[in-house]
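*Asks:* Can you keep this structure in mind? I'll have questions shortly.
The values are calculated or read from the model by the stated rules, or taken from the named source; none is laboratory data. These figures come from a predicted structure and were not determined experimentally. A quick note on method: Cβ atoms are made from the backbone with ideal geometry, for glycine too, and the neighbour counts reach across all protein chains shown.
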Amino acid sequence: MCGIVGYIGPKDVVPLIVEGLRRLEYRGYDSAGIAVAGIADNPTLLDVRRAPGKLSNLESVLRDKPLHGTYGIGHTRWATHGRPTEENAHPHRDGTGTLVVVHNGIVENYLALKRDLIARGHRFVSETDTEIIAHLIEDELEKAALTVPAPQLIEANTAEAIVTAPASPIPLEEAVRRAVKRLTGAFAIGVLSAREPNKLVAARLGPPAVIGIGDGEFFLASDVPGILHHTRDIVFLNDNEVAVLTKEGVTYTDFEGTPHTRTPQRITWDPIQAEKAGYKHFMLKEINEQPRAVRDTTLGRVSLDSGEVFLPDLQLTREDIQKATSLTIAACGTSWHAGLAGKFMIERLARIPVDVDYASEYRYRDPIPGSLGLLITQSGETADTIAAQLEMVSKGTPTLAICNVVGSAITRKASGVITTNAGPEIGVASTKAFTAQLTALFTLALYLGQQRGTVTPQQSKQYVAELAEIPRKLEEILRSVDDQCSELAKSFSTARDFLFLGRGIHYPIALEGALKLKEISYIHAEGYPAGEMKHGPNALIDETLPVVCIATKDPADPTSVLKYEKTLSNIQEVTARSGRVIAIATESDPIEHSHLTGLVEHTITIPQAPELLLPILEVVPLQLLAYHIAVRRGCDVDQPRNLAKSVTVE
């Protein structure tokens, strides 16, 4: 959620950190700050600037009162404790003003800790839980020495603290290790102290923290895009791990001080993928990247000649798969919608019963997990999904993961992984990660079906051939419907409510369409199973309500044809009550098409595909419709209010 960027090396640190924070804006934030040290003629000087609101406000402060140095740390805050004000912005200082902390996460026992620290003479100046961490580290330093020379302090508790101090009584990393063991909750922190020049300390329990290894320079970040322009050699910190960055390199220990050896991973993302590349918004760029994302997710995993699916990182034997009696999927938000669609794919092709759970609810009902677990996550660091995975593992269930980030927490804990290869997704509202997840789920379903003998070789070849056509069909949709969605936005951008309807595997896409619209346009939108209209939602329909109906079909699939016919009946129910219908339909014969268009106000047409692959195509017009409506309403498309890209705390 919050963004963290730290640096130690020969370069001027301020432009580098601000640039990194800019690349992490997609995570969502309401204030920003930076702490800098390493000025040549005063190596123990510590200087801080903070500002509420957008990063541009911090940049304005920095223009008025410039900073320079060779190591430092910056932060963009997403409020959990306290209002988005300057005094609540990070970095936060200890009571002496010689140490600063940035933090992503929540300290659950902060009130008890705060009471104890106040009783010991500490004074707090913010409403945040993060300030507690700085004071805990200070407390550990005080305990480590009978006397601590008084620091020279100038305006320590203002937005422009300038502090010099003598050396620490114990190493900073030891004080951090002792302090974090007193915390309950989730945290990724970065710490620097005026008492120990040229050192950054990071610790992690829950939210992500990554270390970048450069040529004579070293980086700390809360996510890879923040430092990808400077290095592709990354170490993902593990839970209960501390990293110490100096000019000589990086060392790792656990919270007990036991040394760890870590080998960097090479990130293959092109940094340009994280830029807008001429598009007005990241979201629009990522919508248009979906053909490539689907193509890359299938690349090397399917054979057009034999129809065979290859998932070498799944680490399941044929016997394991054949013995599986059920599968439990846990995910959040858009990934949960992908899981719902995946249920139809897996049950149809592999004949394994599938349950789909909200990860945020999973561990609170004493669940009975399936014989296999599957976690779906874009970041691999979603706190609720990690908790669901731990619940499954604790009950002896092997877990698989579908994830976009290699080396993330969930992939490290999983027995097997399918990476989605969508590249970095910057827009808060997920688009290409969703279609890549659907693609990964389809390949998984087909693989399981092949291993269980529930899909014939001929069926496999047909499915793989159809899957190979999906990127081309996505390109066709992007060419043909963008202008149409832009025009529709003119008519529907003032609507107060929307209803999205779908049947079977198309119902999760209705949910996803509603989510995209509400996320970025702030219009109330609801997805609903089309067959449930008579059981309540019909009461909402009047001449002001836009209703988006997914009325697609696979003519070769009798069940799909039946669903289509039933959906036409639902459309007639809506139009009979003066509802305004936008239909998502597949190409069909002219007579049938004219019948549908005669029923509805607007029709968006997509290419034909097998029933189980139609969701990948259907969602694109819904993404574009949401995008153009949000743009017309003047909304912040890439950074919608109150939302964060990576939800790394509960």
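*Asks:* When you check residue 332 against the structure, is it free of Cβ contacts under 8 Å to residues at least 40 places away in the same chain and within 22 Å of residue 205 (Cβ to Cβ), yes or no?
*Replies:* Numbers: free of Cβ contacts under 8 Å to residues at least 40 places away in the same chain: no; within 22 Å of residue 205 (Cβ to Cβ): yes.
Considered against the rule, which asks whether it is free of Cβ contacts under 8 Å to residues at least 40 places away in the same chain and within 22 Å of residue 205 (Cβ to Cβ), residue 332 comes out as no.
*Asks:* Still on this model: Among the candidates 334, 253, single out the residue that is closer than 22 Å to residue 412 by Cβ, of a type outside the set (A, V, I, L, M) and modelled with pLDDT of 90 or more.
*Replies:* So the residue among 334, 253 that is closer than 22 Å to residue 412 by Cβ, of a type outside the set (A, V, I, L, M) and modelled with pLDDT of 90 or more is 253.
*Asks:* Here's a check for you: in region 350-396, which residue that is at pLDDT below 90 and in contact with a strand residue (DSSP E or B) (Cβ under 8 Å, 6 or more places away or on another chain) is surrounded by the most Cβ atoms within 10 Å (Cβ to Cβ)? Steps first, answer last, please.
*Replies:* Of region 350-396, the ones at pLDDT below 90 are 363-370, 379-383.
When the remaining residues are screened for being in contact with a strand residue (DSSP E or B) (Cβ under 8 Å, 6 or more places away or on another chain), the result is 367, 369-370, 379-380, 383.
Details: 367: 18, 369: 23, 370: 19, 379: 23, 380: 27, 383: 22.
This residue is 380.
*Asks:* If I filter region 352-362 for residues that are hydrophobic (A, V, I, L, M, F, W, C), over 30 Å from residue 106 (Cα atoms) and in contact with a Phe, Trp or Tyr (Cβ under 8 Å, 6 or more places away or on another chain), do I get at least one hit? Before you say what the answer is, go through the steps one by one.
*Replies:* First, the residues of region 352-362 that are hydrophobic (A, V, I, L, M, F, W, C): 352, 354, 356, 359.
With the extra rule that they be over 30 Å from residue 106 (Cα atoms), the set shrinks to 352, 354.
Those left that are additionally in contact with a Phe, Trp or Tyr (Cβ under 8 Å, 6 or more places away or on another chain): none.
Looking for residues that are hydrophobic (A, V, I, L, M, F, W, C), over 30 Å from residue 106 (Cα atoms) and in contact with a Phe, Trp or Tyr (Cβ under 8 Å, 6 or more places away or on another chain), one finds none in region 352-362, hence no.
*Asks:* Restricting to region 63-90, name every residue that is of a type outside the set (S, T, N, Q) and not in a loop (DSSP other than H, G, I, E, B).
*Replies:* First, pick out the residues of region 63-90 that are of a type outside the set (S, T, N, Q): 63-69, 71-75, 77-79, 81-84, 86-87, 89-90.
63, 64, 71, 72, 73, 74, 75, 77 - these are the residues of region 63-90 that are of a type outside the set (S, T, N, Q) and not in a loop (DSSP other than H, G, I, E, B).
*Asks:* Now for a separate question. If a residue must be free of Cβ contacts under 8 Å to residues at least 60 places away in the same chain, of a type in the set (Val, Ile, Thr) and within 19 Å of residue 452 (Cα to Cα), how many such residues does region 341-365 contain? Quick ask: steps written out before the conclusion?
*Replies:* Filtering region 341-365 for residues free of Cβ contacts under 8 Å to residues at least 60 places away in the same chain gives 343, 347, 353-359, 361-365.
Filter once more, keeping what is of a type in the set (Val, Ile, Thr): 354, 356.
Within this subset, residues satisfying the condition of being within 19 Å of residue 452 (Cα to Cα) are 354.
Residues flagged as free of Cβ contacts under 8 Å to residues at least 60 places away in the same chain, of a type in the set (Val, Ile, Thr) and within 19 Å of residue 452 (Cα to Cα) within region 341-365 amount to 1.
*Asks:* Answer with yes or no whether residue 453 is at positive phi and of a type outside the set (Val, Ile, Thr). Steps first, answer last, please.
*Replies:* On the way: at positive phi: yes; of a type outside the set (Val, Ile, Thr): yes.
Yes, satisfied.
*Asks:* Show me the helices (runs of 4 or more DSSP H) found entirely inside region 264-353 where at least 2 residues are acidic (Asp, Glu), farther than 22 Å from residue 378 by Cβ and assigned by TED's automatic domain parsing to the domain that holds residue 412. Please lay out each step first, then the result.
*Replies:* Numbers: elements: 282-288, 290-298, 318-323, 333-350.
So the answer is 318-323.
*Asks:* Being on the phi > 0 side of the Ramachandran plot and part of a strand (DSSP E or B): is that true of residue 105 here?
*Replies:* Working: on the phi > 0 side of the Ramachandran plot: yes; part of a strand (DSSP E or B): yes.
So residue 105 passes the test.
*Asks:* Which residue, of 425, 391, is assigned to a loop (DSSP other than H, G, I, E, B), assigned by TED's automatic domain parsing to the domain that holds residue 374 and among the acidic types (Asp, Glu)? Quick ask: steps written out before the conclusion?
*Replies:* Working: 391 fails: assigned to a loop (DSSP other than H, G, I, E, B).
Within the list 425, 391, the selection yields 425.
*Asks:* Quick one: would you say residue 266 is of a type outside the set (Ser, Thr, Tyr) and more than 28 Å from residue 174 (Cβ to Cβ)? So that I can check it myself, show each step before the final result.
*Replies:* Values: of a type outside the set (Ser, Thr, Tyr): yes; more than 28 Å from residue 174 (Cβ to Cβ): yes.
Judged against the criteria, residue 266 is a match.
*Asks:* Might you check whether a residue that is closer than 26 Å to residue 228 by Cβ, of a type in the set (Gly, Ala, Ser) and part of a strand (DSSP E or B) occurs anywhere in region 43-59?
*Replies:* Taking every residue of region 43-59 in turn, at least one turns out to be closer than 26 Å to residue 228 by Cβ, of a type in the set (Gly, Ala, Ser) and part of a strand (DSSP E or B).
*Asks:* Please list, ordered by first then second residue, the pairs with beta carbon atoms under 8 Å, 6 or more apart or interchain, first in region 447-466 and under 19 Å from residue 318 (Cβ atoms), second basic (Lys, Arg).
*Replies:* Final answer for the pair search is 449/351; 451/318; 452/351; 454/351.
*Asks:* Among (1) without any contact (Cβ under 8 Å) to a residue 12 or more places away in the chain; (2) in contact with a strand residue (DSSP E or B) (Cβ under 7 Å, 6 or more places away or on another chain), there is one condition residue 338 misses while meeting the rest; what is its number?
*Replies:* Going through (1) without any contact (Cβ under 8 Å) to a residue 12 or more places away in the chain; (2) in contact with a strand residue (DSSP E or B) (Cβ under 7 Å, 6 or more places away or on another chain) one by one, residue 338 breaks only (1).
*Asks:* Here's another thing I want to ask about it. Which of the following residues is over 19 Å from the mean Cα position of the chain (by Cα) and not in a strand (DSSP E or B): 257, 190? Can you show your working first?
*Replies:* On the way: 190 fails: not in a strand (DSSP E or B).
After applying the criteria, what remains is 257.
*Asks:* Look through region 108-126, keep the residues that are within 32 Å of the chain's Cα centre (by Cα) and within 13 Å of residue 139 (Cα to Cα), and return whichever of them is surrounded by the most Cβ atoms within 10 Å (Cβ to Cβ).
*Replies:* Ranking the candidates gives 113 first.
*Asks:* Against the conditions (1) surrounded by fewer than 24 Cβ atoms within 10 Å (Cβ to Cβ); (2) closer than 25 Å to residue 631 by Cβ, where does residue 520 fall short? Just the number, please.
*Replies:* Going through (1) surrounded by fewer than 24 Cβ atoms within 10 Å (Cβ to Cβ); (2) closer than 25 Å to residue 631 by Cβ one by one, residue 520 breaks only (1).
*Asks:* Under 29 Å from residue 618 (Cα atoms) and of a type in the set (S, T, N, Q): is that true of residue 389 in this structure? Before the answer, list the steps.
*Replies:* Numbers: under 29 Å from residue 618 (Cα atoms): no; of a type in the set (S, T, N, Q): yes.
No, not satisfied.
*Asks:* Kindly indicate whether any position in region 421-428 is touching a helix residue (DSSP H, G or I) at 6+ places or on another chain (Cβ under 7 Å), surrounded by 24 or more Cβ atoms within 10 Å (Cβ to Cβ) and polar (S, T, N, Q).
*Replies:* No, region 421-428 contains no residue that is touching a helix residue (DSSP H, G or I) at 6+ places or on another chain (Cβ under 7 Å), surrounded by 24 or more Cβ atoms within 10 Å (Cβ to Cβ) and polar (S, T, N, Q).
*Asks:* Something else about it: So residue 134 passes all but one of these: (1) in a strand (DSSP E or B); (2) surrounded by 24 or more Cβ atoms within 10 Å (Cβ to Cβ). Which condition number does it fail?
*Replies:* (1)
*Asks:* Give just the number: which of (1) closer than 26 Å to residue 110 by Cβ; (2) assigned to a strand (DSSP E or B) does residue 238 not satisfy?
*Replies:* (2)
*Asks:* Additional query: For region 375-393, what are the residues that are more than 14 Å from the chain's Cα centre (by Cα) and farther than 21 Å from residue 354 by Cβ?
*Replies:* Just the residues of region 375-393 that are more than 14 Å from the chain's Cα centre (by Cα), to begin with: 387-393.
Across region 375-393, there are no qualifying residues.
*Asks:* Oh, and also: Considering only residues that are hydrophobic (A, V, I, L, M, F, W, C), part of a helix (DSSP H, G or I) and either outside the structural domain of residue 303 (by TED's automatic domain parsing) or crowded, with 18+ Cβ neighbours inside 10 Å (or both), which ones fall in region 452-477?
*Replies:* Going residue by residue through region 452-477, those that are hydrophobic (A, V, I, L, M, F, W, C) are 455, 464-465, 467-468, 470, 474, 477.
Narrowing further to those that are part of a helix (DSSP H, G or I): 464-465, 467-468, 470, 474, 477.
Matches in region 452-477: 464, 467, 470, 474, 477.
*Asks:* Being buried (at least 23 other Cβ atoms within 10 Å of the Cβ), assigned by TED's automatic domain parsing to the domain that holds residue 577 and in contact with a Gly (Cβ under 9 Å, 6 or more places away or on another chain) narrows it down to one residue among 434, 500; which is it?
*Replies:* Numbers: 434 fails: in contact with a Gly (Cβ under 9 Å, 6 or more places away or on another chain).
Answer to the check: 500.
*Asks:* If you take the residues in region 414-455 that are modelled with pLDDT under 95 and hydroxyl-bearing (Ser, Thr, Tyr), which one is farthest from residue 474 (Cα to Cα)?
*Replies:* By that ranking, first place goes to 415.
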